[in-house]
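Since every read-out is calculated from the coordinates, none of them should be taken as a lab result. Computed from a predicted structure; not experimentally measured. Cβ: placed from backbone, ideal geometry, glycine included. Neighbour counts: every protein chain shown.
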Amino acid sequence: MNDTQHVGRSDAPDSRHRWVLAAAIAVYALFVAAYALVTPVFEGFDAQAHYAAATFYRAERRLPELTPATVADSYELITQPPLYHALAGLAALGWPVEEARSLAQESTNLYFDKSLSYRQSVVLPGASPAALAPAWIARFVSALGGLLTLLCTWWLARTLFPRRQWLALAAVAVAVLNPQFLYTS
């Protein structure tokens, strides 16, 4: 076998590598689903502020102005790029915005800021599916962003190191098994 044939074979991902990539993505999907089912809807790092930013884009359909009033709506409108929040708001356009905003505000745990509770939110019994749906849609948008990140990680590693297929899979595995990446996806 000459060197040209060998290089061609090592550059193309074989079916075994694709199966491992598919398995890693399946593990990611299972972990994200488990996190979503175990973690209450408005719990998580700055979940209330991120949700308020998404509902702002959904209701206003414009970029925010850099004013104190915008910070009062959600400080995430100032500190974060708008792509995720705008996509989450756009994906939930079919659902009533006021009911979703009210549920998010009512779910705030008043004891959290006083260091009397580790939970940022409370789970309200009897919350309507229409009020919860936009938050679940935002979680789904976040999970799709995580999936896109995994695929781009694989592609970038394959592009930078074409002869080391397992390096691309290892990079994806590190992301899939990273608890912080899973928690924010």
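The table below gives the values:
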| item | result |
| --- | --- |
| Contact order normalised by residue count of region 123-185, Cα under 8 Å, 6+ apart, percent | 33 |
| Length-normalised contact order of the chain in % [C-alpha pairs under 8 Å, at least 6 apart] | 30 |
| Mean Cα-pair separation over length for region 76-151, i.e. relative contact order, pairs under 8 Å, 6 or more apart, % | 41 |
| Extended-chain gain in nm, criterion 0.36 nm per residue less alpha-carbon gap, residue 45 and residue 180 | 47.5 nm |
| ³J(HN,Hα) computed for each position of region 100-108 - Karplus, 6.51 cos²θ - 1.76 cosθ + 1.60, integer Hz, glycine/proline x | 5, 5, 4, 4, 4, 5, 5, 7, 5 |
| Label-point separation in nm, residue 164 to residue 149, each point 7 Å along Cα→Cβ | 2.2 |
| Exposure rule at most 16 other beta-carbon atoms within 10 Å, DSSP loop chymotrypsin sites (Phe, Trp or Tyr not before Pro): the chain longest free segment | 119-185 |
| Which label in (1) 61, 45, 29; (2) 70, 34, 32; (3) 87, 30, 21 gives the computed Cα extents along the principal axes in Å | (2) |
